[in-house]
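Values in this text are rule-based calculations from the coordinates and carry no lab data. Only a predicted model underlies this, so the values are computations on that prediction, with no experimental measurement involved. Every residue, glycine among them, receives a Cβ derived from its backbone with ideal geometry; neighbour counts consider all protein chains shown.
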Amino acid sequence: MALVVQKYGGTSVGDLERIKNVARRALAARARGDQVVLVVSAMSGETNRLLKLVSGLTERPNEREQDVVVATGEQVSIGLVAIAIEALGGKAQSFMGHQVRIQTDSTYSKARILSVDARPIFDVLKKGAIAVVAGFQGVDQHGNTTTLGRGGSDTTGVAIAAALGATCEIYTDVDGVYTTDPNVCPQARKLDRISYEEMLELASLGAKVLQLRSVEIAMKYKVPLWVKSSFTDDPGTLVTQEDTSMEDIVVSGIALDRNDARVSIRNVPDRPGVAATLFGALDEKAISVDLIVQNTPTNGATDLTFTVGKADLVKAGDVIAKVGKQLGAGAVETDSDVAKVSIVGVGMRNHSGVAARMFRTLSAQGVNILAISTSEIRVSCLIAAKHSEAAVRALHSEFGLDAKPSNASKAKAPRGTVGSAHQAGKSGRARK
Ligand code: ADP
Ligand code: ASP
Ligand code: MG
């Protein structure tokens, strides 16, 4: 008898037929003898609708109250899923985040899970029922409702699986993890397996199929993590530990992040401590910064450009305008029509010229690069949003990731057999 956490995303519970489908799938697993915990998201579009209600009132909402509003989407789903299971003759009990003490810190809208109390879930399972837990929401030490950031139900699913010692299956609208977003690049190939490390990079770079924090928790607690379709019986992709077999694949995946926005501040005084002051102020507001470019100073001043998540843009603009003024800097400019395209692969560690090849490919597409950042196993470029999809397709093809033509005609996304292509290479400095 297996203990399994099945997480269903927004599209998988998007209407009543789909909710019944989830109920049937959960009951089928139960009938096979598994103990089943469901974690469900809000119905598709619901979280956006709730956020829009909030932004219809103000650009700068009280973050505690915003979480109170957006956490409601998942409450509706868990109730409906539990009712659907019972309507089909099964037993189910729903749980809000606070009812299984999904304890988080108090960083509203992107809280981090600190602990989970699995006991109420075990009690329900012992009675032969299915536990249905709300994704995305938690409770802080003062009893305030918090939410975990967009895509946060993945993290709820994995955190509960870690607490129960269960396997976690993420059911979504694609049948696994692909070399790139199959909805952007029709040539994308499904991966049978991918290492936690590579999935971590892809998730941090915008491959929203898994929320970054969910991969971090899965890796830390060695939770076997599957990504599967809620509409087919495809085995999906296993996210797991690296093994020794490895092919010398330079780039194994491409990510596109449309959630970035650019902030530039002109005429920043060129003296020690300025960057520390600016970025320290952003950190105080829990605003994460990604790409940073500082121009060569002229006449004792320089321009500074960096990216933040779109959701943080107004806040970041406010902080930078205020601190910039104190520092005697010039105008602040923001731009949300940008996207970050990244290539990822452990093979980059022992191949040179990868970054140059990426830049050449983008230039052949007439794409201007606004900012660049690299790590040992990735290169990221900030570009205008309008070029993003063409850029991904060109890079996918340039780095040999396209599905073979014979397969490509068969299905939107044919199955790949590239498990061994996703293992770690020799360590050492990248020669990009
Ligand atoms: P859910 O609502 O089920 O949580 P999401 O929309 O959050 O689903 O995540 C699934 C989506 O992730 C897919 O529809 C796909 O467009 C996108 N995606 C981005 N990168 C990848 C990738 N490398 N492999 C698979 N899907 C990806
Ligand atoms: N409902 C939340 C969102 O739309 C959480 C999730 O779906 O994972 O981001
Ligand atoms: Mg998601």
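Some values worked out for this structure:
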| item | result |
| --- | --- |
| Selection from 304, 264, 29 lying farthest towards where the dipole of the chain points positive, charges on Cβ | 29 |
| Quarter of the Cα convex hull surface for the chain, i.e. its orientation-mean projected area (nm²) | 22.1 nm² |
| Distance between the stretch 223-302 and the stretch 41-55 - C-alpha centres, whole angstrom | 25 Å |
| Total formal charge among the other residues, if their Cβ is under 12 angstrom from that of residue 398, Lys/Arg +1 and Asp/Glu -1 | +2 |
| FRET efficiency, residue 91 to residue 295 (Cβ-Cβ, R0 60 Å, nearest 0.05) | 0.40 |
| Spin-label model distance (nm) - residue 64 vs residue 20, 7 Å beyond Cα toward Cβ | 4.3 nm |
| Cα long-axis angle, helix 212-221 against the chain (0 to 90 degrees, to the nearest 10) | 60 degrees |
| Counted charge near residue 319, where neighbours are those whose Cβ lies closer than 14 Å (Asp, Glu -1; Lys, Arg +1) | +1 |
| Angle between the chain longest axis and helix 72-87 axis [Cα atoms, degrees, rounded to 10] | 30 degrees |
| Listed pairs 91/220; 20/127; 52/386 exceeding 31 Å between Cα atoms | 91/220 |
| Helix 152-164 vs. the chain, principal-axis angle (Cα, 0 to 90°, nearest 10) | 50 degrees |
| Neighbour net charge for residue 27 - beta-carbon separation under 11 angstrom, K R +1, D E -1 | +4 |
| Lysines whose Cα lies under 16 Å from that of residue 325, excluding same-chain neighbours fewer than 8 positions away | 315 |
| Relative contact order (%) - criterion: Cα under 8 Å, at least six apart; region: the stretch 300-403 | 26 percent |
| Rounded to 5, percent antiparallel among DSSP beta bridges of the chain | 60 percent |
| Cross-link reach list, lysines versus residue 208, counting only Cα pairs under 17 Å and skipping chain neighbours closer than eight places | 7, 110, 190, 228, 310, 340 |
| Rg to Rh quotient for the stretch 1-89, alpha carbon positions, Kirkwood Rh | 1.10 |
| Alpha-carbon Rg/Rh ratio, for the stretch 124-205, with Rh computed the Kirkwood way | 1.04 |
| Separation between Cα centres of the stretch 331-386 and the stretch 97-173, rounded to whole Å | 35 Å |
